[in-house]
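Structure record follows, encoded as structure tokens.
The values are calculated or read from the model by the stated rules, or taken from the named source; none is laboratory data. Just so you know, these numbers come straight off a predicted model, no measurement behind them. Glycine gets a Cβ as well: all are built from the backbone with ideal geometry, and neighbour counts include every protein chain shown. Each accessible area value is taken on the protein alone, full model and side chains, heavy atoms only, with ligands, DNA and RNA left out. Shrake-Rupley method; radii C 1.70, N 1.55, O 1.52, S 1.80 Å.
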Amino acid sequence: MATIDVPHQVSFLEDAEALRKACKGWGTDEKAIISVLGHRNAAQRKQIRLAYEELYQEDLIKRLESELSGDFEKAVYRWVLDPADRDAVLANVAIKKISPDHHVIIEISCTRSPEELLALRRAYQARYKHSLEEDVAAHTKGDIRKLLVALVSAFRYDGEEINTRRANSEANILHDAIKDEAFNHEEVIRILSTRSKMQLMATFNCYRDDQGTTITKKLLGESGDEFLVALRTAVRCLNDPKKYFEKVLRNSIKGIGTDEDALTRVIVTRAEKDLKEIKDLYHKRNSMPLEQAVAKDTSGDYEAFLLTLLGKED
Amino acid sequence: MADLEALTKAFSGIGVDENSLISILANSNHEHKKSLRKGCSKFFIEDDNGFERLHQSTVKNLKLEFKRFRDAVVLSLLHPWERDARLIEKALKQGPRHYSVIVEIACTRSSDELLGARKAYHSLFDHSIEEDLASRIKGSERKLLVALVSAYRYEGPKVDEDVAKSEAEILSSAIKSADKRKPIEDEDAIMILSTRSKPHLQAVYEHYSKICGKTITEDLEAEGILKDTVECLCTPATYFTRVLEAALSVDADEESKRALTRVIVTQKEFMVKEGNVLNKIQGILTGSYKDFVLGLVAGGKN
């Protein structure tokens, strides 16, 4: 369920005016920006951008980029984009790093619905004049490359049908592939990147029933083997995305320092989807509400914005 | 006898000449038909038990030729997405000799058309194309075919010539190392051919010719569907001309002939420009099938 709190009546013109007012003059009224944008869903934000453009002949996003800074700016920028566009930006940022963030690419390609993944691919092309798969292919090598390209190119069947016999046989294939140190990566990639999510969950369940342990535990190996790590991430994202997101949040907050990129990414991309369930999982796991942990670890406008997206009342 | 000639002719083209058959046979009496059978050694053989038996191969061929009009009509009526999804599913079922159809569809459709075919496949068969290809194809073509069918290529004109040049070199060395590793299984070759845009691949094609002195399709002559892949992506007109000529040649088999319907129905714009083939069609096709095909081509400007 979504966590953001959206009012019943919304006037896009008034919102555009309020945002303009917040940006005019010397300083910026960040609170006003948060109180408008933090309480609008994707469709509304799109309308606000259009209204703003019509009224002031200027792209709201560009204006916000120039007015804001730091982690707050990054978060607001990602929040205001269309979800497909946002995913494209996140994917591109992950790919273009000196050492690409494989886990982000896996996270996005495995937790989005087939239609969302298609929308991402279209948005990516519009923005970067390349296909997503060609950029992934150009920036990665070896088995990781095969896995990632296959995952981003997938257009999985979206239905509930599962074939139990096949789930059993593919659970065995996965087991055999993992057992041999010289992995048969091809079969694992094939199964993980082409089967429907329902079918995969049935397969993972068969694995657990047959082997007495989950496939993710079996994949816990040398953390130096990046292919194994990537496989594990893919399996976790496909099997239980909410649990995966909870872990990403937990890791981003715990210890010294905060991984703002991860924190922003999860909150911004899930606030309109399933952040409520993720929050509940977090609370159960850590005996502390997520809001409290975020408040402890972040500050200023960035903190205020995240808390708003988490559903805190103003 | 004139009727004998006409009957033979009615069954000898691609398609059947329905009107001829009606005028010869509808009013034909017992004696007339007997004389037709006795005179027509191409289709009938004297059986030891004292009757003129239809050749087994003729039974099969007649079935196929009568079906041709029906198949053309249905294929042309279907939504392009359903049509392509069904063609792929059929080709997959029929086995490795038919995989070039999968290549043809994956590589000659636009990105959105291919996407549409993938959606239709979900609706029709409750699976994704890539999962069926990946689980059913066991041979070396699997990786390439799955990758081709999963592509959503950028369709803009922008090409990086330096990248194209280096990718031409990568392809060249993949082909040269054929004795160590089949080019169709070369990971880099697969990545290039399945992820790059078509304008980019055309640039790669040009650079390859400059570097190697031969076109990449010439160097891939022995490589079956890998050659088809490059042709479809870089020089589709050459591919379709080749397929049509094979369909219309004297010793064309059923698989080649079926390509005729498929290409004409799906490549109307191309057909309009193909004067040479159209003339051959006039001579070789017959009956409703011919009328339908010529009609499709004439209407090809829509």
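For a paramagnetic label modelled on A:ASP59 (point 7 Å from Cα along Cα→Cβ), amide N atoms under 17 Å away belong, within the stretch A:114-143, to A:123-130. Per residue, the average separation of C-alpha pairs within less than 8 Å and at least 6 apart gives the stretch B:1-70 a relative contact order of 29 percent.
Rounded to 0.05, the FRET efficiency of the B:SER140 and B:LEU294 pair, given R0 = 35 Å and the Cβ-Cβ distance, is 0.30. Once you order the gyration tensor axes a ≥ b ≥ c over the Cα atoms, which shape class does the stretch B:2-54 get: rounded for a/c under 1.5, otherwise prolate or oblate by comparing a/b with b/c? It comes out oblate by the Cα gyration axes. Expressed per residue, the C-alpha convex hull volume of chain B stands at 172 Å³. Label-to-label distance, B:LEU78 versus B:LYS180, with points set 7 angstrom from Cα along the beta-carbon direction: 4.3 nm. Close amide H partners of B:ILE14, meaning residues 5 or more places away or on another chain with modelled amide H under 5 Å apart, are B:LEU285, B:THR286.
Dipole magnitude for the stretch A:164-239: computed about the Cα centre from +1 point charges on Lys and Arg Cβ and -1 point charges on Asp and Glu Cβ, it is near 460 debye.
Quick one: with all protein chains in place, what share of the accessible area of the protein assembly as shown is carbon or sulfur, to the nearest percent (1.4 Å probe)? C and S fraction of accessible area: 51 percent.
Could you give the dipole magnitude of chain B about its Cα centre, charging the beta-carbon of Lys and Arg +1 and that of Asp and Glu -1, in debye to the nearest 20? Show your work: numbers first, answer last.
Values: 45 positive and 48 negative charges, 126 e Å.
Dipole magnitude for chain B comes out near 600 debye.
Other residues lying with their Cβ under 13 Å from the Cβ of A:TYR157 contribute a combined charge of -2, Lys and Arg counting +1, Asp and Glu -1. Isolated cysteines of chain A, defined as having no other cysteine beta carbon under 4.7 Å away, are A:CYS23, A:CYS206. Charged neighbours of A:CYS110, selected by a Cβ distance under 9 Å, balance to +2 (K, R count +1; D, E count -1).
Comparing B:SER135, B:SER194, B:SER76 in a Gaussian network model of chain B, where Cα atoms under 10 Å apart are tied by springs, the biggest mean-square fluctuation is seen for B:SER135.
From helices alone, chain B scores -21500 deg cm²/dmol at 222 nm; the rule is -39500 (n - 2.57) for each run of n ≥ 4 DSSP H residues, then divide by the residue total. Compare each residue of the stretch A:128-146 in its chain alone against the assembly with all protein chains, and report those whose accessible area goes down by 40 Å² or more; 1.4 Å probe, heavy atoms. Correct list: A:LYS129, A:GLU133, A:GLU134, A:ARG145, A:LYS146.
In whole angstrom, how far apart do the alpha carbon centroids of the stretch A:70-119 and the stretch B:77-142 sit? Spelled out, the Cα-based centre of one part sits 30 Å from the other. The charge dipole of the stretch B:84-250, taken about its Cα centre with unit charges on the Cβ of Lys, Arg, Asp and Glu (plus for the first two, minus for the last two), comes to roughly 380 debye.
For the protein assembly as shown, what is the accessible area per residue in Å² when the probe is 1.4 Å? Intermediate results must be reported in sequence, preceding the final value.
Numbers: 28590 Å² over 616 residues.
Per-residue value: 46 Å².
Only protein heavy atoms count here; under a 1.4 Å probe, A:LYS31 has an accessible surface of about 140 Å². Interface of B with A. Using a 1.4 Å probe and counting protein heavy atoms only, the two chains hide about 2600 Å² of accessible surface, both sides summed.
In terms of overall dimensions, the C-alpha atoms belonging to the stretch A:274-314 reach 27, 19, 13 Å along their principal axes, ordered largest to smallest.
How long are the semi-axes of the equivalent ellipsoid of the stretch A:164-239, taking √(5λ) for every eigenvalue λ of the Cα gyration tensor, in whole Å from largest down?
18, 13, 12
Look at the stretch B:30-37: the mean tally of other chain Cβ atoms within 10 Å of its residues' Cβ atoms is 0. Charge tally around B:ILE211: other residues with Cβ under 15 Å, Lys/Arg +1 each, Asp/Glu -1 each, net -3. If you wrap the tightest convex hull around every Cα atom of the stretch B:65-120 and split its volume per residue, you get 83 Å³. Solvent-accessible surface, computed for protein heavy atoms with a probe of 1.4 Å, shrinks by 40 Å² or more for the following residues of the stretch A:156-200 when the other protein chains are added to the isolated chain: A:TYR157, A:GLU186, A:ARG190, A:THR194, A:ARG195. Sorting B:84-90, B:106-112 by average packing, meaning the other beta carbons within 10 Å per residue, from highest down gives B:84-90, B:106-112.
Applying a 4.7 Å cutoff between beta carbons, the unpaired cysteines of chain B are B:CYS40, B:CYS212, B:CYS234. Interface residues of the stretch B:149-170, defined as a loss of at least 50 Å² in heavy-atom accessible area between the chain alone and the complex of all protein chains with a 1.4 Å probe, are B:TYR152, B:TYR154. Considering every alpha-carbon pair of the stretch A:87-153, the percent of pairs per 5 Å bin, from zero through the bin containing the longest distance, is 3, 19, 35, 28, 12, 2. Rounded to the nearest Hz, the phi-derived 3J(HN,Hα) couplings of the stretch A:31-45 under the Karplus curve 6.51 cos²θ - 1.76 cosθ + 1.60 (θ = phi - 60°) are 4, 5, 4, 4, 5, 7, 5, x, 10, 10, 7, 4, 5, 5, 4, where x marks glycine and proline.
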